[in-house]
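The values are calculated or read from the model by the stated rules, or taken from the named source; none is laboratory data. Predicted, not measured: the structure shown is a model, and the values here were computed from it. Cβ placement follows ideal geometry from the backbone for every residue including glycine, while neighbour counts extend to all protein chains displayed. To get the accessible areas, we keep the full protein, side chains included, count just its heavy atoms, and leave off ligands, DNA and RNA. Shrake-Rupley method; radii C 1.70, N 1.55, O 1.52, S 1.80 Å.
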Amino acid sequence: MSMRVRALSILPLLPPLWILCNLLSNDFGRWNNDNDNNGVVSAKAAKTTKYYDADATDATAATKSSVGAQLLVFLMLGLLGYVGTDRLIPTIKYYMLKRRICGKDLGKKGTQSENVDVPESLGIVPGAIFLICLTFCLVGFATNHPSKLLDLNSALLSICFMLFLGFTDDVLEWPWRYKLFLPSVASLPLLCSYEGSTSVVVPIPLRSYLMNGGELTALARFLGLFVVVDDNTDGAIVNLGLFYLVYMGLLAVFCTNAINIYAGINGLEVGQSYVIGCAVLFHNLVEIQAGSLSRENHVFSAMIMLSFLGVSLALLRHNWHPASVFVGDTYCYFAGMTFAVVGISGHFSKTLLLFFIPQIINFLWSSPQLFKLVPCPKHRLPKFDARTGRMEPSTVRRGEREMANMTLINLFLQIMGPMSEERLCVVLLVFQGLCCTLGLYFRYNLAQLIFD
């Protein structure tokens, strides 16, 4: 990885780090003031300071449970996760080659690297290091947030299950019907421990279809057979009940498979996950800084994201073009389930989908091939032209004519023309970053025009 690419990889992390530094400076500033006052903080200050735990019963407990101090510990564990992953990958890479868990880089055909064995399934390394970091986080987090201990244990179980599934898929190549079913099973611990609301806020323009003149409409009465339309809020709230849990189970299926099908070039799987992770962390820290009522949930999500970003950045260093390792389905499932965990347990699943705009576009554009309406080859990654050193859209024959494989990667190549694999990955990750920025803008600005 060149210095230019390393600098670019740090850019998505700068906004959340800036907010984190503000949180730390505020906490340490208060800590110094407390020391000047002999460590005595009035009960009034403990109640009005938004960065202290709401459960703090005295000044000492509030100081110990300061969010900034907790996030600093989680950041240090994330850094240790980066170092551990970066050091362990070369060792595990040797064992993968020894066991013949390796493959050829299809994007290097016609070059000297065409027949070089590249170890696969190295997503198992960041996944394992991540679980170790999260286990250490469990000790400190459960002390300050005992009510979230069940959520943390269920998160560990779900992520561990998907990590295992991904590794077995790399080795055994599971059929697609299992890949769609098993993420739902892996999300069951999360759904069983879910204690949040199952109600949704109806957009303002749609409320007239549910309530008109203070009375339920025919549509609302029909929906009332399956869900609960709250007539006390003029159709603003609908309790989905069991259907909301089904939605969250499908969210886990989407997150894991959306990353898996939006892949095919060096660095893309890890890169997109890293950018999404930075956007999620930024959202968490903004909510923490603003004193959100769901602050505890966002601290929980930030704890997970800091370790995830640390191990992912280390893996990206080895998976960047020219890749010395392949991440395999192991990492894709691990990353997807991690996002599902923070979205469900952090109670911001709808905001999470705003960060998956490229993955949603890729899924919708790929649907004709995924559902066999158009011939779908096993590999739809772009083809490499050894003469020019550039990637071009791969094609599939449909009847008497050829057409480009329907993926977002090939669509970019059709629009922007052939380009090198590294540049193509950078363009796609910049697009991912722009979409995440657009999602954050919609969440904090335009959403107020649609919801109360």
Sulfur and carbon atoms: percent of accessible area, the chain [1.4 Å]: 64
Using a Debye calculation, one point per C-alpha and no hydration shell, please list log10 I(q)/I(0) for region 233-309 at q = 0.17, 0.18, 0.26 Å⁻¹ in order. -0.90, -0.96, -1.10
Heavy atoms only, 1.4 Å probe, whole protein assembly: order Val116, Val374, Val139 by accessible area, highest first. Val139, Val116, Val374
Determine the gain in length on full extension of the stretch Leu11-Leu250; use 0.36 nm per residue of separation and subtract their C-alpha separation, reporting nm with one decimal. 82.9 nm
Please list, by residue number, everything in region 358-381 whose backbone N is under 13 Å from a paramagnetic label point 7 Å out along Cα→Cβ of Leu180. 367-373
Per residue, how much accessible area does region 158-255 show when a 1.4 Å probe rolls over the protein heavy atoms, in square angstrom? 56
Cut-off 16 Å, label 7 Å out along Cα→Cβ of Asp117, residues of region 154-196 by amide N: 171
Please list, in order, the residues from region 324-363 whose amide nitrogen is less than 20 Å from a point placed 7 Å along the Cα→Cβ vector of Ala290. 342-357
Inverse of mean 1/r across different Cα pairs in region 196-235, Kirkwood, Å: 10.4
Give me the one-decimal nm value for the distance between modelled label points at Arg221 and Ala142, 7 Å along each residue's Cα-to-Cβ direction. 5.3
Can you pull the one-decimal nm distance between simple spin-label points at Leu370 and Tyr209, each 7 Å off the Cα toward Cβ? 2.4
The correct ranking of Glu422, Glu400, Glu114 by accessible area at 1.4 Å, largest first, is Glu400, Glu114, Glu422
Those helices of the chain passing the 24 Å axial Cα length cut-off and the mean Kyte-Doolittle cut-off of -1.0 (DSSP H runs only) are 14-36, 67-98, 124-144, 149-172, 242-261, 268-289, 295-319, 328-345, 421-441
Listed residues Leu434, Leu20 arranged by accessible area, highest first, probe 1.4 Å: Leu434, Leu20
Computed Kirkwood radius, in angstrom, where 1/r is averaged over Cα pairs of region 300-452: 17.9
Excluding ligands, DNA and RNA, what is the solvent-accessible area per residue of region 391-452 at a probe of 1.4 Å, expressed in Å²? 54
Any idea how far apart Ile450 and Arg4 come out in nm if each label point goes 7 Å out from Cα toward Cβ? 3.8
For region 241-307, which chymotrypsin sites (Phe, Trp or Tyr not before Pro) are both in a DSSP coil and crowded by at most 15 other Cβ atoms within 10 Å? none
When only alpha-carbon atoms count, how far does the chain stretch along each of its three principal axes, as whole angstroms with the largest first? 72, 62, 37
